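Data first, discussion second: the structure below is written as C-alpha cells.
Read-outs throughout are calculated quantities, based only on the coordinates presented, and are distinct from any laboratory measurement. Not measured: the values here are computed from a predicted model. Quick reminder, even Gly has a Cβ in these numbers, built from the backbone with ideal geometry, and neighbours come from all protein chains shown.
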C-alpha cells in the first residue's frame with residue numbers, strides 16, 4: 001500500500017540516483033565546484049524533490065505537472081553527465097553502470113506514473 005511519496009519505487013530510485021551523482025561528482029575538478037558539480041547535484045536532487053512536491057499538491061493535475069518537472073530535471077542530469085563524460089570527469093563505465101541505466105529506468109517509471117494518473 002502506498003501511503004506516502006516515500007513508498008513510491010520511482011522516488012526511491014531517484015534518491016539512489018542522487019547518491020550516485022554525489023559520489024561520482026566528488027572527483028570533479030575543484031574549479032567545477034560552483035559550476036558543473038553544483039548544477040548536476042541540484043538537478044539530481046530536483047527529481048525526487050518534485051516527485052514529493054507533486055504528491056503533496058493533492059490534485060492529479062498538480063501531481064502530473066510536478067512529475068513532468070521531475071522528468072525535465074532527469075533529462076538535465078542526463079545531459080550534464082554526458083557533458084561531464086565528454087570533459088573526462090566521468091568514465092564510461094561509471095556513467096553506464098551507475099547513472100545511465102538508472103536514468104532510463106526512472107524515466108520509464110515517471111512516464112508510466114503520468115500515464116496511470118491521466119487514466120485514473
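Can you name the number of the only condition in (1) over 18 Å from residue 16 (Cα atoms); (2) part of a helix (DSSP H, G or I); (3) touching a residue at least 40 places away in the same chain (Cβ under 8 Å) that residue 94 fails?
The one condition residue 94 does not meet is (1).
Please state which of the following conditions residue 112 fails to meet, knowing it meets all the rest: (1) within 19 Å of residue 7 (Cα to Cα); (2) free of Cβ contacts under 8 Å to residues at least 40 places away in the same chain; (3) crowded, with 16+ Cβ neighbours inside 10 Å.
Single failed check for residue 112: (3).
Just give me the residues in segment 1-32 being part of a loop (DSSP other than H, G, I, E, B) and surrounded by fewer than 16 Cβ atoms within 10 Å (Cβ to Cβ), in sequence order. It would help to see each step written out before you state the result.
To start, the set of residues in segment 1-32 that are part of a loop (DSSP other than H, G, I, E, B) comprises 1-4, 8, 26-29.
Hits for segment 1-32 are 1, 2, 3, 4, 26, 27, 29.
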